[in-house]
Amino acid sequence: MKRRFVYIIICMFCGMMWFGCSESPGRFTVKGIVAGADNQMIYLDNVGIASAGPIDSAKLNGSGEFTFKVKRPQYPEFYRLRINSQRINFSIDSTETVSFTADYKTFATSYQVEGSANCLAIKEVTLAQLDASQAIHRARKDFESGMISDSTCRTQTLEAIENYKDIARKHIYSRPMSTESYFALFQQIDGLLFFDPYDRIDSRAYGAVATSYNHLYPESPRAKQLYNLTLQALKVLRGQRMVDFDGIETKEVDFLEVELPDIRGEKIKLSDVAKDKVTILNFTSYQMEWSPELNTLLQHIDSEFRDKGVAIYQVSLDGDVHFWKNVVSSFPWTCVRDPQTVYSQAAAIYNVKQLPALFLLNRKGILVKRIDMLDHLSEDVRQIL
């Protein structure tokens, strides 16, 4: 009798536990306080593989408090809190609640986060990315103003990139299955990845995270994308062989061809656009903050020099094809997009290391100048004309 009674109690307890779980809403909570942001809108964005978009928003009152309750993702996913142009990146895996405390003026850099070790790590990675970006932009500015040489600028840039990688590798190799490791792999500077999957050393980091994600989340779209990218890079690396150039006939090549599709899907050759014209070749990303200013400059150049025999061939390395089409639909010059985005072979041919990159070709299609200072673009075009 006692055994039967104990059995009934256990069944009732298990039933209550099952009922409680089945009634769980399957949601996570993001809450916090933003001081000094009265009447500002705060947005919660889902950061997908190809694009990011808002899923909820709130207007902050005098207390600065906010709360979002969102359906839990099936697999670890990335989100961000956004006020104007300031963003806080974070991730959700098994976490129930994540809390943020921030000041409006330093929202993106000096916030506090509780409830998730992954989110704390993502903050460290984000700050390392910001430090590297600032160092690289500072070096570029000093070079453009003549304060440092080209070699010094390049050295400082490589040092900044390596400093970021040192911090990122700490997370990648200690916790390759974590969201901060995935996040660290795909951080960018001017539209280009810090970690190059086609670099023999960097490919090890991709392999570590890809293997862990494929083991833990084999059906996750992110795991599949990362695994396929890593396999593709490994195939390229394994296919590379040392080549003996002795005895091979060589000849000097003046023109480096680019052939990419425009918004109608028609492939446009750079050689056709550049024939008998002075041509500006521009590798760009329309999703970067500097893009509108650059395109405004190109519009002035086009208006001033189009009738004098100047053409513009602009190559997008954006991942979002729909965004690209919407932006360039009204531009009067040739706009194409490389589907390989940051892995663009065309950009590699022209040794593009950062965006934007601009080159000048003379009327014979010969590359004669790499534009280092946009303020001098009109003068550079006049000199070649």
List, please: which pairs have Cβ atoms under 8 Å, are six or more places apart or on different chains, and start with a residue in the stretch 157-169 that is hydroxyl-bearing (Ser, Thr, Tyr) and end with one that is open to solvent by 40 Å² or more (accessible area, probe 1.4 Å) and assigned to a helix (DSSP H, G or I)? THR157/ARG140; TYR164/ASP131
Hey, among the residues in the stretch 255-287 that are crowded, with 19+ Cβ neighbours inside 10 Å and either of a type in the set (Val, Ile, Thr) or free of Cβ contacts under 8 Å to residues at least 12 places away in the same chain (or both), which one's nearest to LYS364 (Cα to Cα)? VAL278
Kindly provide the set of residues from the stretch 127-154 that are without any contact (Cβ under 8 Å) to a residue 60 or more places away in the chain and closer than 24 Å to PRO76 by Cβ, ordered by number. LEU127, ALA128, LEU130
Does LYS251 satisfy the criteria of being open to solvent by 80 Å² or more (accessible area, probe 1.4 Å) and modelled with pLDDT of 90 or more? no
Enumeration of residues in the stretch 95-122 that are open to solvent by less than 70 Å² (accessible area, probe 1.4 Å) and either assigned to a helix (DSSP H, G or I) or closer than 22 Å to GLN188 by Cβ (or both): TYR104, THR106, PHE107, ALA108, THR109, TYR111, ASN118, CYS119, ALA121, ILE122
Look through the stretch 78-94, keep the residues that are in contact with a strand residue (DSSP E or B) (Cβ under 6 Å, 6 or more places away or on another chain) and polar (S, T, N, Q), and return whichever of them is most open to solvent (accessible area, probe 1.4 Å). ASN89
Entirely in the stretch 288-385, the helices (runs of 4 or more DSSP H) that have 3 or more residues that are in contact (Cβ under 8 Å) with a residue 12 or more places away in the chain and more than 27 Å from the chain's Cα centre (by Cα): 291-305, 377-384
Qualifying positions in the stretch 1-30 - open to solvent by 90 Å² or more (accessible area, probe 1.4 Å), over 30 Å from GLY319 (Cβ atoms) and either charged (D, E, K, R) or at pLDDT 85 or above (or both): LYS2, ARG3, ARG4, GLU23
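Against the condition surrounded by fewer than 12 Cβ atoms within 10 Å (Cβ to Cβ) and at pLDDT below 85, how does ASP246 come out, does it pass?
Numbers: surrounded by fewer than 12 Cβ atoms within 10 Å (Cβ to Cβ): yes; at pLDDT below 85: yes.
The answer is yes for ASP246.
Pick from ALA121, ALA50, ALA108: which is at pLDDT below 95, in contact with a Ser or Thr (Cβ under 9 Å, 6 or more places away or on another chain) and under 30 Å from ASP318 (Cβ atoms)? Break it down stepwise before answering.
Numbers: ALA121 fails: at pLDDT below 95; ALA50 fails: in contact with a Ser or Thr (Cβ under 9 Å, 6 or more places away or on another chain).
After ruling out the rest, the residue left standing is ALA108.
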Of (1) in contact with a helix residue (DSSP H, G or I) (Cβ under 8 Å, 6 or more places away or on another chain); (2) under 30 Å from SER51 (Cα atoms), LEU256 satisfies all except one. Which? (2)
Subset tally (residues that are modelled with pLDDT under 95 and either of a type in the set (Val, Ile, Thr) or on the phi > 0 side of the Ramachandran plot (or both)) for the stretch 140-171: 6
Return the residue satisfying two criteria in turn: it lies in the stretch 348-363 and is modelled with pLDDT under 85 and of a type outside the set (Phe, Trp, Tyr), and of such residues it is least open to solvent (accessible area, probe 1.4 Å). VAL352
If you go through the stretch 170-182, how many residues are hydrophobic (A, V, I, L, M, F, W, C) and surrounded by 23 or more Cβ atoms within 10 Å (Cβ to Cβ)? 1
Residues of the stretch 31-63 that turn out to be surrounded by 15 or more Cβ atoms within 10 Å (Cβ to Cβ), in a loop (DSSP other than H, G, I, E, B) and touching a helix residue (DSSP H, G or I) at 6+ places or on another chain (Cβ under 8 Å), as a count: 2
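The values are calculated or read from the model by the stated rules, or taken from the named source; none is laboratory data. This one's a predicted model, so the numbers in the text were calculated from it and none came from an experiment. Please note: Cβ atoms are built from the backbone with ideal geometry, for glycine as well, and neighbour counts cover all protein chains shown. Protein only, heavy atoms only, side chains kept; ligands, DNA and RNA dropped before computing areas. Shrake-Rupley method; radii C 1.70, N 1.55, O 1.52, S 1.80 Å.
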